[in-house]
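Here is the structure we will look at, set down as structure tokens.
Read the figures in this text as sums done on the coordinates, not as results from a lab. Just so it is clear, the model here is predicted, and its values are computed rather than measured. In this analysis, Cβ positions are derived from the backbone assuming ideal geometry, glycine residues included, and neighbour counts consider all displayed protein chains.
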Amino acid sequence: MPAMVAVGNMGGIEGQSRVILPTMKAVLKRVIPLRLRPAFRRFWNRTRYAGFARYCPVCSSHLLRFVPHGVPEEAEAVCPVCRCKAPHRLACLYFKSNPQLFRPGGLMLHIAPEPELGRRLREWAESNGMAYRCGCITATGDRYFDIQSLPFATGSIDLIYCCHVLNCMQEDRAGMRELLRVLRAQGTALLQVPAFHTGKTTLETYSLEDRLRTFYDEGIYRCYTDADYVHRLSAAGFCVRHFRAEGFAPAEIRRYSLKREVLHICTKPCLSA
């Protein structure tokens with residue numbers, strides 16, 4: 001009986017959940033094999049957050065809501081099923097509406113692949129007869145890739161997707177030039193970064209202490225203004241256009257929880273005419 005009183009004092013069903021869920025998780029960890037846990041976690045969260053107010057285009061989940069994430073915490077930020085964020089959802093919607101990007105016989109390069117979106121992009125590319133390669137400096141994906149020195153011939157990549165990587169590089173301009181080098185003349189590079197700083201120019205950090213104090217993350221070097229990011233891409237040799245979340249109807253922005261995201265679509269100058 002004392003245990004029941006304690007639960008009741010924690011606020012009814014919500015309080016009971018805070019007590020019961022950790023216990024259930026401990027039990028499930030003991031009975032579910034390690035290799036099956038990711039699939040079970042997806043099933044559990046898809047069931048737990050099931051609803052029709054929100055929809056994740058990356059994993060096709062109908063949800064009651066997205067979950068908070070970040071420091072400071074941002075509401076409705078992450079899909080509880082596949083863990084994708086607003087930039088990934090916006091990019092997924094763009095890829096879905098532009099299937100011509102997946103060219104038969106072409107090559108797609110995905111830098112620092114996100115697990116669920118990476119699986120989706122590989123599926124779309126390969127189903128259209130396009131090769132898919134992914135990797136990053138931490139060797140996540142198929143292999144190790146250094147964005148400043150990519151192991152691809154000049155003009156050999158048809159499609160590049162790179163999300164929130166350039167803002168985590170000390171020498172972002174060198175990464176931009178290397179991406180331009182490997183991009184085919186008729187290719188497309190989708191280069192996403194946080195480009196919503198409202199100051200006069202990009203907010204830069206120059207030390208670990210700076211990064212932790214400003215972004216609460218040792219790996220983030222800057223938050224761009226849109227104008228400065230476009231200027232840097234243009235200086236590297238790209239032609240740039242925007243695909244903005246604000247282009248969707250307000251109801252769609254809420255449904256996908258797209259926030260204020262923007263996708264920078266980059267091509268070589270030959271397509272600018």
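Data for the structure
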{"read-out": "Ranked by how many other beta carbons lie within 10 Å on average, peptides 163-172, 137-146 from highest", "value": "163-172, 137-146"}
{"read-out": "Extension gain from Arg173 to Phe152, taking 0.36 nm per residue of separation minus the Cα-Cα distance", "value": "5.7 nm"}
{"read-out": "FRET efficiency estimate (nearest 0.05) - Cβ-Cβ, Ser60 to Arg244, R0 22 angstrom", "value": "0.40"}
{"read-out": "Within the range 99-121, backbone nitrogen closer than 17 Å to the virtual label 7 Å beyond the Cα of Ala139 toward Cβ", "value": "112-113"}
{"read-out": "Gained length - Phe196 relative to Thr47, 0.36 nm times residue gap less alpha-carbon distance", "value": "50.2 nm"}
